[in-house]
Amino acid sequence: MDVNTIGKRYAMIGGVAFLSAILVISMTASSASAHMRQLLTIGGKKYLLEVGSQVEPPYVGEKNAVQFFAWTPDPKDPLNDSAKGIKNITGLDKTVNVIVSAGPVSKRLDFTPSTTNTAEYDATFFPTAQTTYTYTLVGKVNNTPIHISYRCVPGAGDDTPGNNTKATISSGVVRVMVAGGYACPIPKVSIP
């Protein structure tokens, strides 16, 4: 085999490796925003609450966080967290906590407001098991007690089908619409 043929083969292998890396990065980037959005009426006022894992997909044993966003929705496009008329809600870290449940085990965590987005709150934890996780927001919004659950779905993402059926969650809390979803923790695979 001559030097040119060997060089061409290495170039082809390098090109395939580069394209594979681009594909993996683009798949990871698109799944990083997987969250469940709920349009709710709380104490007579509309809220768009979005919850998911900060790192998607979450890996068992690796640091992650419950990521929670809160907005006053745009009446023209209420489930769109990028709509022009949307308004960030601040200060909920003082009145809302999250209960992270994995099977029969649960832990209550405090939220910390994000330093980069006034609508974002984070509660750090380490997923310890490959199972279904539920993130339950508890506390008060608009002086109304809340207990709103978001459950992971294996392989879920922002394109997970929604539900437009109104449902009373608790006294003063009505779910108007729900869309999207977030993935359950998966085992970390190491390649030798």
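Derivation of every value follows stated rules applied to the coordinates shown; laboratory data play no part. Because the structure is predicted, anything quoted here is derived from the model rather than measured. Here the Cβ is made from the backbone with ideal geometry for all residues, glycine too, and neighbour counts use every protein chain on show.
Assorted remarks:
- Positive contributions from Lys and Arg (+1) and negative ones from Asp and Glu (-1), summed over other residues with Cβ under 14 Å from the Cβ of S101, come out at +3.
- Under the simplified labelling scheme, the K46-T72 pair shows an inter-label distance of 1.2 nm, with each label point 7 Å from Cα along Cα→Cβ.
- Measure of compaction for region 51-97 (Cα Rg per 2.2 N^0.38 Å): 1.44
- Within the shell defined by Cβ-Cβ distances under 14 Å, the residues around P73 carry a net charge of +3, with Lys and Arg each +1 and Asp and Glu each -1.
- The convex hull of the Cα atoms of region 34-180, projected and averaged over all directions, covers 8.4 nm².
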